Amino acid sequence: MDYIKAFITGGVICIIGQILIDKTNLTPARILVIFVTAGAILTALGIYGPIVEFGGAGATVPLPGFGYALAKGAIKGVKDSGVLGAFTGGVTAAAGGITAAIVFGYLAAVLFDPKEKS
Amino acid sequence: MSMHRMGGQTLLLTQNPPKIISRATIVGKKEGEGPLAEYFDKILEDDLWGEKSWEKAERRMYVEAAELALKKAQKEPQDINYLFGGDLLDQIISATFAARSLGIPFYGLYGACSSMTQTISLAAPLLDGGYADNVLCVTSSHFCSAERQFRYPLEMGVQRPPTAQWTVTGAGGVLLSVNGEGPCITHVTTGKVIDFGMKDANYMGAAMAPAAADTFRAHFEDTGRGPDDYDLIVTGDLAKYGRELTIDLLKRDGYDIEDRFIDCGCEMFNESQDVHAGASGCACSAVVLAGYLLKKMEDGDIKRILMASTGALHSIITSQQGDSIPGIAHAIAIEKKG
């Protein structure tokens, strides 16, 4: 049942992205930023938390999940260490994701050459 | 009015009408799997062609297409008075770096994808006026280098929307001469920059269609000719949606070109090749002209064509700053005498 919930949640998020690509003039970079920001705002409003509880990795792996981690980290940071935590908490919470993106991105760039899709 | 002009935008070449005496085409692997494969001189095995970058591969295609056009006409670089060339990259580096090794007096032109008929538009009157005997016109483009230049680097793996076009990997060239045998360039109609306010760099056919329609209308008005005077009317790379828009725009002006109108961007690839709206790029109209259309003229299947390569004159900076995409189209009339 968890798998089905994760599949549906992740699928709905991706459908929204696909509709934005097909039906609007938004560039992929803008859609990316919108998704991350939307994740953070929805978390702050208390909406994304329940979605994560329902969909699990289906909600945390797509881009809004990154916004969710940032917002949750910032909230926790404020609780732990005051206003300064709002600045450090988000990145601390998302550090694993950020470092993984850099390391694996670099490795992929070193190991592979991009090619035209055949 | 000057004696060799017709109307506002058209030149009539009657003194020494330049002939296309030789043609050469090189295309990438994907283009070589398309419906026009048999018409191309050379098909690459992969998009790098043994070079370190796509830009280097593109300029090598340019050089080899130029050399092949010379070889077919049994000419040496020193026989050629001018090389007119262009491509899509910043500072037109494919053409200029190729010209470095070709050693022919060179004019680099930027007209985006309109480069092929742009170069011929300028070369033809030089020949007709007696200022040159042989002029080589070559243009090139490369899917991978153009994506990096205008949209996103391929490494990013960005999804392409349905209206996106596929830049042709290839280089095409024609050798124009006052001597020898071949179809003649009889008219040149220079296009204006037209902008209907389209902003989507993934929908360039629609941005260029008004320019194509405007140039064709000017050609018909200047020359007194109509669509019926041509066996084929050709645009460079409007693709599916731009082609339909051009037909509609010209119908409003009273010209029905639909039954004899093809777009090089629609001819390059099969539906199954997943290129979305169609092909684009400097090489698109270059290789379709030099490979397919001129072969059809040689075979006698078509006698007279009106062709306009179409260009979208935006840069990555103007796109990022939210400017619209201006279009341009230059038309040439090619006729096989006799």
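Quick note: the coordinates plus some simple rules give every number you see, no bench work behind them. Just so it is clear, the structure is predicted and the values come from calculations on it, not from any experiment. Here the Cβ positions follow ideal geometry from the backbone for every residue, glycine too, while neighbour counts run over all protein chains shown.
What the table below lists for this structure:
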{"read-out": "For the range B:211-338: rounded, prolate or oblate by the Cα gyration tensor [a/c cutoff 1.5]", "value": "oblate"}
{"read-out": "Debye intensity ratio I(q)/I(0), log10, chain A, q values 0.11, 0.20 Å⁻¹ (C-alpha model)", "value": "-0.45, -1.15"}
{"read-out": "Two-decimal log10 I(q)/I(0) for chain B, as the Debye equation yields it once each C-alpha is a single scatterer, q = 0.07, 0.11, 0.12 Å⁻¹", "value": "-0.24, -0.62, -0.74"}
{"read-out": "Alpha-carbon centroids, the range A:7-47 and the range A:53-118: separation in whole Å", "value": "15"}
{"read-out": "Set B:K71/B:K295; B:K199/B:K303; A:K5/A:K72; A:K117/B:K336; B:K71/B:K337 screened for pairs whose C-alpha atoms are more than 28 Å apart", "value": "B:K199/B:K303; A:K117/B:K336"}
{"read-out": "For the range B:18-82, with +1 on Lys and Arg beta carbons and -1 on Asp and Glu, the positive-most of B:S53, B:I80, B:G28 along the dipole", "value": "B:I80"}
{"read-out": "Pair A:D113, B:Q159: separation of 7 Å Cα→Cβ label points (nm)", "value": "2.9"}
{"read-out": "Mean residue ellipticity (222 nm) of chain B, computed from DSSP H runs ≥ 4 via -39,500 (n - 2.57), nearest 500", "value": "-9500 deg cm²/dmol"}
{"read-out": "Sorted by Cβ neighbour density within 10 Å, fewest at the top, the residues B:S280, B:S324", "value": "B:S324, B:S280"}
{"read-out": "Farthest toward positive dipole pole in the protein assembly as shown [+1 Lys/Arg, -1 Asp/Glu at C-beta], among B:M307, B:T163, B:M116", "value": "B:T163"}
{"read-out": "The range B:117-242, relative contact order in percent, only Cα pairs under 8 angstrom and at least six apart counted", "value": "24"}
{"read-out": "Unit charges at the beta carbon, dipole of chain A: most positive-side option, A:L26, A:G55, A:F112", "value": "A:L26"}
{"read-out": "Shape call, the range B:2-64: gyration tensor on alpha carbons, a/c limit 1.5", "value": "prolate"}
{"read-out": "Whole-Å distance, taken between Cα centres, linking the range B:21-38 and the range B:71-106", "value": "20"}
{"read-out": "Ranked list, fewest to most other Cβ atoms within 10 Å of each Cβ, for B:C184, A:C14", "value": "A:C14, B:C184"}
{"read-out": "Inter-label distance, nm, simple model (7 Å from Cα along the C-beta direction), B:E271/B:Q74", "value": "4.7"}
{"read-out": "Calculated over the range A:58-104: convex hull of Cα atoms, volume per residue (Å³)", "value": "64"}
